[in-house]
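K.L.:
I have a structure here, written as structure tokens, and I will follow up with some questions on it.
The values are calculated or read from the model by the stated rules, or taken from the named source; none is laboratory data. Because the structure is predicted, anything quoted here is derived from the model rather than measured. FYI the Cβ positions are ideal-geometry reconstructions off the backbone, even for glycines, and counts take in every protein chain you see. All accessible areas refer to the heavy atoms of the entire protein, side chains included, with ligands and DNA or RNA removed. Shrake-Rupley method; radii C 1.70, N 1.55, O 1.52, S 1.80 Å.
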Amino acid sequence: MTQARSVQLHEFGGPEVMRLESIDVPAPGPGEVQLRQTAIGFNYIDIYQRSGKYPLQAPTGLGHEAAGVVEALGEGVSDLRPGDRAVYMSAGVGAYAERRNVPAAKLVKIPAGISDEDAAAVFFKAMTAQYLVKRTYAVQPGDVVLVHAAAGGVGQILSGWASALGATVIGTAGSAAKCEIARAAGCAAAIDYSQPDWVAQVIAATGGRKARVVYDSVARHTFMGSLDCTAPFGMVVLYGAASGPAPAIEPELLNKKGCLFLTRPSVFPHNADTATFRANAADVFDAMASGAVRASIGARFGLAQVADAHRLAENRASTGAIVMLP
Ligand SMILES: NC(=O)c1ccc[n+]([C@@H]2O[C@H](COP(=O)([O-])OP(=O)(O)OC[C@H]3O[C@@H](n4cnc5c(N)ncnc54)[C@H](OP(=O)(O)O)[C@@H]3O)[C@@H](O)[C@H]2O)c1
């Protein structure tokens, strides 16, 4: 048994409900390894879960993603060794901690040349972009693709990856400065969607063709506009709700807007079995090696400053990824 500092929630609400506490970490059980965590990735889902929008059972830890060094092996673990560097993105909540036990099947080794910090900044977000551009809608050369919140963590990676696949990517973001960042991340054009005529501006940027696929993680503010920016027979992918939930619509509306497809996917079912998870992770590391995916760290915090990290994201003051260093 050892002790580690870990963010714990005893209630749900604002950033102040996150408490850094010392908790017992037992020896790793069968199939588990103990990871000394060196970098923790913030993801927007952490805010939905901390605030109670996505329910968890209190008391609970928080966070889905971290990188670190394997320090101890439980019974039956054969594919990892003490000293290996590894990262995870779907091992149950509790990543906001100095150390924890993680099922070995949920870990992948970090390739040489990728730092722990970059792995924690990229892994969850790039695994999201991976299924979005390869599976939900397989992006093809010449496609016009619309990415909302394109200066954000997932947004930058998604824009860069779709562009590397040969698409013309139009991005949106909440300010002129963020539009600049979206362009640097791979968007051919970027539109400030705080402007009332942002839909017309997006359609003009596509040369009137509209987008084959719209990746929408903003929802309330963007969703109806996303339907108008989608080309006939195109797809609207609603994969988050940073501005609040999308309005309910009648299915008939999809007909009126051009026989559109609408889907609401999540990264976890796309990586539920170990073989698929490992193959997708390999695809992500290949994309990092080729430069299609780049780590863009916008801010770093200590674990004790976790509330500041959440405030930065909720106040829309962040760009790229936020990492916490225990
Ligand atoms: N379904 C999945 O598999 C999956 C997996 C990972 C992430 N996601 C979703 O992808 C999105 C991006 O995640 P992330 O971790 O990379 O976060 P992020 O993009 O770094 O932060 C969210 C962004 O949403 C935009 N936004 C628009 N309206 C907002 C509002 N009212 N309040 C706060 N932000 C607002 C902000 O950009 P602007 O200021 O430019 O508007 C902000 O930067 C989130 O919605 C998340 O839930 C989904």
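K.L.:
Of the residues H310, H270, which single one is open to solvent by 30 Å² or more (accessible area, probe 1.4 Å) and either farther than 20 Å from A185 by Cα or at pLDDT 95 or above (or both)? Walk me through it before giving the result.
P.N.:
Details: H310 fails: open to solvent by 30 Å² or more (accessible area, probe 1.4 Å).
When all the criteria are applied, what remains is H270.
K.L.:
For A321, work out the one condition from (1) surrounded by fewer than 19 Cβ atoms within 10 Å (Cβ to Cβ); (2) near the ligand (Cβ under 10 Å from one of its atoms); (3) within 17 Å of Q130 (Cβ to Cβ) it doesn't fulfil.
P.N.:
Failing condition for A321: (1).
K.L.:
Return yes or no: is D286 within 19 Å of G14 (Cβ to Cβ), more than 14 Å from the ligand (Cβ to nearest atom) and surrounded by fewer than 19 Cβ atoms within 10 Å (Cβ to Cβ)?
P.N.:
On the way: within 19 Å of G14 (Cβ to Cβ): no; more than 14 Å from the ligand (Cβ to nearest atom): yes; surrounded by fewer than 19 Cβ atoms within 10 Å (Cβ to Cβ): yes.
In short, no.
K.L.:
Criterion first (out of contact with any Gly (no Cβ under 9 Å at 6 or more places or on another chain) and within 27 Å of L312 (Cα to Cα)) does T222 satisfy it?
P.N.:
Details: out of contact with any Gly (no Cβ under 9 Å at 6 or more places or on another chain): yes; within 27 Å of L312 (Cα to Cα): yes.
It is true that T222 is out of contact with any Gly (no Cβ under 9 Å at 6 or more places or on another chain) and within 27 Å of L312 (Cα to Cα).
K.L.:
Of the conditions (1) free of Cβ contacts under 8 Å to residues at least 12 places away in the same chain; (2) farther than 29 Å from R19 by Cα, P141 fails just one. Which one is it?
P.N.:
(1)
K.L.:
Among the residues of the stretch 33-61, what is the count of those that are open to solvent by less than 20 Å² (accessible area, probe 1.4 Å) and either basic (K, R) or more than 14 Å from the ligand (Cβ to nearest atom) (or both)?
P.N.:
Residues in the stretch 33-61 being open to solvent by less than 20 Å² (accessible area, probe 1.4 Å) and either basic (K, R) or more than 14 Å from the ligand (Cβ to nearest atom) (or both): 8 in total.
K.L.:
Looking at the stretch 192-208, can you tell me whether even one residue there is within 11 Å of the ligand (Cβ to nearest atom) and more than 21 Å from P247 (Cα to Cα)?
P.N.:
Yes: the stretch 192-208 contains one or more residues that are within 11 Å of the ligand (Cβ to nearest atom) and more than 21 Å from P247 (Cα to Cα).
K.L.:
Looking at the stretch 95-112, which of its residues are more than 14 Å from Q34 (Cα to Cα) and touching a residue at least 40 places away in the same chain (Cβ under 8 Å)?
P.N.:
Y96, I110, P111
A quick yes/no check of all residues on (1) within 16 Å of the ligand (Cβ to nearest atom); (2) surrounded by fewer than 24 Cβ atoms within 10 Å (Cβ to Cβ); (3) not assigned by TED's automatic domain parsing to the domain that holds G171:
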| residue | (1), (2), (3) |
| --- | --- |
| S115 | no, yes, yes |
| A119 | yes, no, yes |
| Y131 | yes, yes, no |
| R135 | yes, yes, no |
| Q140 | no, yes, no |
| L146 | yes, no, no |
| G152 | yes, no, no |
| G155 | yes, no, no |
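K.L.:
Restricting attention to the stretch 254-267, and to residues there that are within 16 Å of the ligand (Cβ to nearest atom), assigned to a loop (DSSP other than H, G, I, E, B) and open to solvent by less than 60 Å² (accessible area, probe 1.4 Å), which single residue is farthest from G63 (Cα to Cα)? Show your work before the answer.
P.N.:
Residues of the stretch 254-267 that are within 16 Å of the ligand (Cβ to nearest atom), as a first pass: 262-267.
Add one more test, that the residue is assigned to a loop (DSSP other than H, G, I, E, B), and what stays is 264-267.
The next check asks that each one be open to solvent by less than 60 Å² (accessible area, probe 1.4 Å); those that pass are 265-267.
Values: P265: 20, S266: 16, V267: 15 Å.
Looking at the filtered set, the residue picked out is P265.
K.L.:
Condition check: basic (K, R), over 19 Å from the mean Cα position of the chain (by Cα) and assigned by TED's automatic domain parsing to the domain that holds R300. Does R100 satisfy that?
P.N.:
For R100, the condition - basic (K, R), over 19 Å from the mean Cα position of the chain (by Cα) and assigned by TED's automatic domain parsing to the domain that holds R300 - is met.
K.L.:
For the stretch 65-93, what are the residues that are outside any loop (DSSP other than H, G, I, E, B) and open to solvent by 30 Å² or more (accessible area, probe 1.4 Å)? Show your work before the answer.
P.N.:
The initial filter retains those residues of the stretch 65-93 that are outside any loop (DSSP other than H, G, I, E, B), namely 65-73, 85-88.
Matches in the stretch 65-93: E71, A72, L73, R85.
K.L.:
Under the condition of being of a type in the set (G, A, S) and farther than 20 Å from G52 by Cα, which residue from the stretch 3-32 is least open to solvent (accessible area, probe 1.4 Å)? I'd like the intermediate steps shown before the answer.
P.N.:
Just the residues of the stretch 3-32 that are of a type in the set (G, A, S), to begin with: 4, 6, 13-14, 22, 27, 29, 31.
If we keep only those that are farther than 20 Å from G52 by Cα too, we end up with 4, 22, 27, 29, 31.
Details: A4: 3, S22: 76, A27: 72, G29: 20, G31: 32 Å².
Looking at the filtered set, the residue picked out is A4.
K.L.:
Right, another one. Taking the stretch 159-181 on its own, how many of its residues are aliphatic (A, V, I, L, M), within 20 Å of T230 (Cα to Cα) and touching a Ser or Thr at 6+ places or on another chain (Cβ under 8 Å)?
P.N.:
Kept after step one, since they are aliphatic (A, V, I, L, M), are these residues of the stretch 159-181: 162, 164-165, 167, 169-170, 173, 176-177, 181.
From what's left, within 20 Å of T230 (Cα to Cα): 162, 165, 167, 169-170, 173.
Narrowing further to those that are touching a Ser or Thr at 6+ places or on another chain (Cβ under 8 Å): 169-170.
Counting residues in the stretch 159-181 that are aliphatic (A, V, I, L, M), within 20 Å of T230 (Cα to Cα) and touching a Ser or Thr at 6+ places or on another chain (Cβ under 8 Å) gives 2.
K.L.:
A167: closer than 21 Å to V267 by Cα and either among the hydrophobic types (A, V, I, L, M, F, W, C) or not assigned by TED's automatic domain parsing to the domain that holds A190 (or both), yes or no?
P.N.:
Working: closer than 21 Å to V267 by Cα: no; either among the hydrophobic types (A, V, I, L, M, F, W, C) or not assigned by TED's automatic domain parsing to the domain that holds A190 (or both): yes.
When the stated conditions are applied, A167 does not pass them.
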